[in-house]
Structure formats: structure tokens, C-alpha cells
1. Of B:Lys315/B:Lys362; B:Lys408/B:Lys469; B:Lys385/B:Lys415; B:Lys269/B:Lys315; B:Lys109/B:Lys337; B:Lys225/B:Lys469, which pairs sit farther than 29 Å apart, going by alpha carbon to alpha carbon?
2. Put +1 on the Cβ of every Lys and Arg and -1 on every Asp and Glu Cβ in the protein assembly as shown; which of B:Thr102, A:Met12, B:Ser432 then has its Cα farthest towards the positive end of the dipole?
3. For chain B, what is the relative contact order in percent, using Cα pairs closer than 8 Å and at least 6 residues apart in sequence?
4. Express in nm, to one decimal, how much length is gained between A:Leu39 and A:Ile154 on full extension, taking 0.36 nm for each residue of separation and deducting their alpha carbon distance.
5. What length, rounded to one decimal in nm, is gained on full extension from B:Glu232 through to B:Glu60, with 0.36 nm per residue of separation minus their alpha-carbon distance?
6. Which of the trypsin sites (Lys or Arg not before Pro) found in the stretch B:440-479 are in a DSSP loop and have at most 11 neighbouring Cβ atoms, other than their own, within 10 Å?
7. What number, rounded to the nearest 500 deg cm²/dmol, is the helix-based mean residue ellipticity at 222 nm of chain B, given -39500 (n - 2.57) per DSSP H run of at least four residues and division by all its residues?
8. With each pseudo-label sitting 7 Å past Cα toward Cβ, what's the B:Lys190-B:Ser11 distance in nm, one decimal?
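Read-outs throughout are calculated quantities, based only on the coordinates presented, and are distinct from any laboratory measurement. Just so it is clear, the model here is predicted, and its values are computed rather than measured. With ideal geometry, Cβ positions are generated from the backbone for all residues, glycine too; neighbour counts draw on all protein chains shown.
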Amino acid sequence: MKKIFQKKETNMLIVVIVISILITLKNSTFMSIENLVDLLKCNTVVGILGMGMLMAIITGGIDISVGAMTSLITVIVGKVLVGYQVNIFYLFIIVSICGILLGSINGFFISRINIPPIIVTLGTYNLYGGLNIYFTKGAWITNLPKYFVDFGQIKIIGLPIQVFFLIGIMCLTYFLLTYTLVGRGIYCIGGNPEAASRVGYKTKNILIFVYSYIGFISGIAAVVHTTIVKQVCPNAFLSGSELIVIAAVVLGGANILGGEGTVLGTLLGVILLGIINNGLILARVSTYWQQIIIGIIILFSVSFNILRSKNIEKEMFKIDVEE
Amino acid sequence: MSKILEVKNISKTYPGVKALDDVSLELNSGEVHGLVGENGAGKSTLIKILAGVIFPDKGEIFIEKKPQKFTCPLDSLQKGIAVTFQDLSLFPNLSISENIMTSQNIEQKNLILDWKKINNLARNAINEFGINIDLDKKLGYLSVANRQLIAIARALVHDAKLLILDEPTASLSKSEINILFNSINILKNKGMSVLFISHKLGEVLSISDRISVLRDGKYMGTFDKNIIGEDELISYMVGRKIHYKRFRPNKMGDVLLEIRKLSKKGSFKDISFKLHKGEVLGITGLVGAGRTEVAQALFGINIPESGEIKIEGKKVKIESTSQALRFGISYIPEDRKREGLIFDKTLKDNIVITILNKIINKLKLIDDFKKTDVANNWINKLGIKPPYPNMLMSQFSGGNQQKTVIAKWLAFDPKILIIDEPTHGIDVKAKSEIHQLLRDLAKKGIGIIAISSEIPEILAICDRIMVMKRGRIVKKYNDNNITQKELLNKSIPMSNK
């Protein structure tokens, strides 16, 4: 029992529940099934991208190009759908390959040339964003084929299909991080990079894997995003989405310095951000307050985590003084 | 007897230092082989080469008569060499069982992990030590001594033919050392060879069958433990029978610093002592006895909870480093690389860093001519070599780096100089130069507090000596007429816990 309460995830869950109750007291439609399903659907893209960002953050890195990458791939989605009428299966193969290619460029510069991830992805953020605008001139793609729009409307046991993509990516990420050698290597790099290579991990290859995986995930997120908005607007997804994703992962208890972070925590981080956005509207709080409240929550929750780990550290370095 | 490992004519050069110079070494299978040498003798470099972490410039390695070429740590592991490094190379963010099993999983290419199996194997490995810990706990919560055991357990999980232990006893208590030695003997009986690196000769003599000596990167020979004694080993390690020159006590001046009943929970308790002008006061004891914590208390880093500090008779509170500086206190930390110097700046930048306010021109900007002048002055006085003020700090040898840290604080003109491990990781010649330097400074009226684990060093340079153990001062000596043995016995905790 004590162990459960020591986990960051439990604290997060309590916060999520308390906030939900508060919002429901103000406006009972918040707890309606329709609203919750809608809330889930709206946040699938942030959730999917969060799983990739989680990996980067566990290694002690970051990827601020995810928004730009996803946006660029949505354009590819639009072009292949309109131009070639490819079926859904091939569509996923195409976006996966494109994503892995774009992501591996990040991975190459980070691991082989040894540039800090924030700089590399700042570069590719501009590069991919620029390519996007160059090719599309900012024009929207609206006439997506019907079979694709229909695909996005599928519901399974009452849940929109987008939610299942989130669940799928979560399961895959959880499996990779928990049950594979590469996944544990990701935690090792975050905990002690030098030791990771000393015990035999090929740390450079692991970093390339991580950033390519983020690319792959961006590909999936691009399709899911397109199924939700049913059109492609080249520069709509660029602004700020990577920051929301990073905020969700950090809120979910991942350590920005590396070594710590879980899939469940990240999901809770995404849900918390989603609830605040959605709930504040339902509670008729002026939208001006949303960002302010999110900012305050990030500062407080991260301070809480840091102070707690500092306390643990203090205990550790104690000298056993003879009394 | 068959040879498990042969090292032939290995050389390795770092900028400024020849770390290994034509070193050859042979290990029999099933023996415990001690490797001794002073700090900077090349022990760690040799181990890193055997572990596949760094690569020799020249030379060959044979395992069971077969030539080897290690290109990465995994190579060496697969050939049966398991290493525990001095810094342990563990992961504080992972569970204990995962720490034990990580390298095993990699070696066996277990791409998909079976956690049940991992936990069981880890449990078996740790049982060999007869200690009881919760393996699901994060390693970060463990004490340093227990981490050491975990690092060894990790090496044991491999069916290694050769286990290399780099300074494994540095932070262990006597009873923990016994546990360690028992497990080494168990391994030896199983036919494993062990290369045991330490600079504590007593331990090496008691556990090893044969002992090899390195000095300044050169191989000095291998000796049977029944033939060679401690004194003889020391003479091979340092190249002459007498260790360091002992200095005659200076005439002590007035009381400069007085400390009464200084305490801080989890750091130290009831620390009282006086420091006079012109004396070198030594603090010795094991790593983790609270020595550094006391030093940091005087420099405003680790603020004490109770007790009082008087400087030249006036009661003061030191709550930040800038206050400490105002009282004329300076502190030279043990870790030059991280805390003492800025490695990617030049020599002159490092020297003037404490007195930037004194080398400014009329426009209040830093004057490069003054900077070079000041730097050259100290380079000459302390004999820093090569005397190039514009050379990057990282390119200097350990001894000259240490001189630079000292120069940087001398430029500040301190009344009290606290120096933690004054000769850590530098060669014998530079050591005696620094000893001489500290004595000269004391003669000029500076009060010096020298913290060192090297008992011969403490005996050589200090006028008075204090021994710390588990956060307390357990013994004070008012002169340096004590034997090494007595001092060492005083500093080892006699607990059976």
C-alpha cells in the first residue's frame, strides 16, 4: 500500500480525480459519456506524440521537431490520398517509412555528430517546417477521398478508432521500454551514459533508434490527426504542439534530466492537460485563464517532484555519525 | 601453470603524460593477483585497456595464449574479463536487480527480457555475499559500500575467467572488506582469476598470491607474497626506501581560527579545534568520515547547525562562499576536474579567476596585459610547466593542474587555505614539490588545513594531526611523531555491523 502511494503516478491520478470532481460540481456535463469520449479523441494526437517524446526525455534528450515532422507528414498523407487513392494499409506503411527517415536524420546528428538534441531538433524543426511551406505554399488539401473520411468515423465498442491508435502506441512503447534490451538501454543512457557504454550498450545506435521511433510515431500521429480534422492544413499543427507534448510528459513525472519516466505517467499528464482545457471551458472560466492555470500547474507539479528527489538525495549522502 | 592473461609491451600516451610505458604482465589461472602503485602509476589506465574502454597505442593482449583485439567493452566481457570500475559504473535510476543483470542481458543478447528470471538470477548473485537487501529498490537509495558489492555481484553473474576489481575496498568498512575477501576466495577456489587493484598494501598482501608493481606508468616487477614485505613493496612503488621527506615543525603563531562544537546532522558532530598562523593542520580518516564536510562548513558550502567559529578571536558566521572569501578563507577541492579548474579555458584564465576585480582597467574591463602579468608571476613562482599562459588547462599534467589550483588561490592572498587531498592523482615528483610548496606557504604565516587519506603524506607535511571517524574527531596528535600503523588503526571503524 505504501509503495503505491510512493509512486508519482498515484499522485497524478489523485490530482486528475480531484480536478474532475471540481469541474463536475460546476458543470455536470463534464462527466457525460459524450464529453469524455470527445475529450479522449481530441487528445489522442498529443498522447501518441507524448509516447515518443517520453523516450527522448528518458535518454536525457528532447525532440522539439515533432510538431513540424507530424505536420510535414500530414501533407504527404493529403498528397498520396488525393493523388493516388492508396488504401489505408499502404498509407500507414508510407507514413511509417517517411517518419522513420525524418526521425533518423535527428538521430544521426545527435548520435554521430554529437550535437545536443535540443539544437539538432531546433534545426530540423525549421527545416521540416520550411519544406512544408515551400511545397504546399500554405494551401489546404480539402478533398480527401470518402473511404478515408469514413475510416476516421469508425467506432469500436462505442470508442472512436483514433483512441485505439493511442492504446496501440502506448502498448508498443510500454513493451519496448519494459521488456526489451533496447528499452532498458534507454533508461541506462538516461541514468549514467558512460556506464551504459561500459556495460556494453551501443549507445549511439540506441539514440538513433529513439529518434527514428519518434519519427515513426509522428507518422502515425499525422494520419490520426488527419482522420480527426478531415483535411490537411499545412501550418496549423506547427505552432506550439511540441510544447504541449513536452509539458504533458514532464507533468507525467518524467525527469527532464533523463533516466525516469513511464508510459502511464505520460498518459496521465496528457489527460490532465486535456481535462484542464476542456473542463475550464465547461466551468465557464474565461479562456484567458487556461494558459495561466496550465503554467501554474506545471511549475508546481515539477517543483514537487524535484523537491522530493532532492530530499531522497540528502538522505543518501548522510554520514553515519556516531551518537 | 597455465596463463589466463598475458599483457605484452603495452603503451598508452595521454596529452602531457605517458600513462603506460611498455608494460607487460602475466596472470596465472586461479590466482589472486595484486596490482599496486601510487595514484597516477597507470593502474586505472591498464584496467580500462583490459576492459575495452580505451585502446593502447602499442602492445598486445593474450587470453589463454590467443591474441585479442578489444574494440568495445562487450568484446572483453565475451572473452571472460569482468571488471568493476572504481566509479562503479552503475545506474542510480534502475532497480538493484536490473543493475546486477544489465551487462549479462547484453552479453547474452536477451533482446526480450524475462523479468522473473532476471530477478531470480540477481537474487542468487547477491546471496553469495550473505547480505539482505530489497532488490526491487532503486540503486540510488543504497550506501556506497553496498553499491560496491552490487558492482561485484554484477561481475560475478558472468561466467568470467578473470575478475578485475579496481580499488574495491576504498569505501568499505572492515567487516565489509571481510565479506568481500571471503567471496574472492570462493571465486578463487572455483578456478577464477582475480586481478585486485589497490593502494592499500596490507590488504593486497593478505588477499593476493602474487603482486605486481607499477610506478609512473612502468612495470616494476611481479613478486610472490611470501617473499616480499610491505616495506619492499613501498620501495618499488616510490622508487626509494623513504617515503616523503618529513618536515620540521614551524614555529606556530597566534590562533587564526577556532572552532567549537560544530555539528550538523548527517555530516559531523562536536568538531572543535584551533588553527594557528604558520601551521599545517592535517585531517585524516577514511573517505566518508566527514572530513570534506567539515572543510565545506568552513567555506560556507555545508552550513553547520550548531557550534561557533572564531576567526582571529572574532565570532563569525559563514553562510556562503562569498562570506568565507571575505574572511580570507580559500578551499581547494579534491576533484580538480569538476570543481577546481575550468578545463577548456587557458592557464592564465584559470589563475586570475579569483582576482578578476584586481586586473581591470579604467573602463572596468578586464585588462589582458595585467592578466598575463599576474599569470606569469605565479607560473614562475610555482614552476608550472610548460610555462605557457595561453595553453588549455586540459593539456597540463595532473601535477601542474594541481599547482594551478593552488596558484589561483594564492593570487587571492588567503589567510586560511583548506586543501582537500592535495596530491590526488599526481606523480611522485610533483607530489614532493607540492609538499614543499605547502610548507613554504605555512612558513609565510598562512594557516593550512590539509585533508588527506594518504597517511605518509599527512605525516610528512603536517605539524599537528587530527583523525576523523564517522563524523567525529577521534584523536588529535600535537606533533607528527606517530607511526603510520597507529594512525591507520585509529581511522578504521571497528564496528561489526
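1. From the list (B:Lys315/B:Lys362; B:Lys408/B:Lys469; B:Lys385/B:Lys415; B:Lys269/B:Lys315; B:Lys109/B:Lys337; B:Lys225/B:Lys469), the Cα-Cα distance tops 29 Å for B:Lys315/B:Lys362; B:Lys408/B:Lys469; B:Lys109/B:Lys337; B:Lys225/B:Lys469.
2. Going by the Cα projections, it comes out as B:Ser432.
3. That works out to 16 percent.
4. 39.7 nm
5. Net length gain for the segment: 59.0 nm.
6. Passing both the DSSP loop test and the Cβ count: B:Lys444.
7. -10000 deg cm²/dmol
8. My value for the distance between the label points is 4.0 nm.
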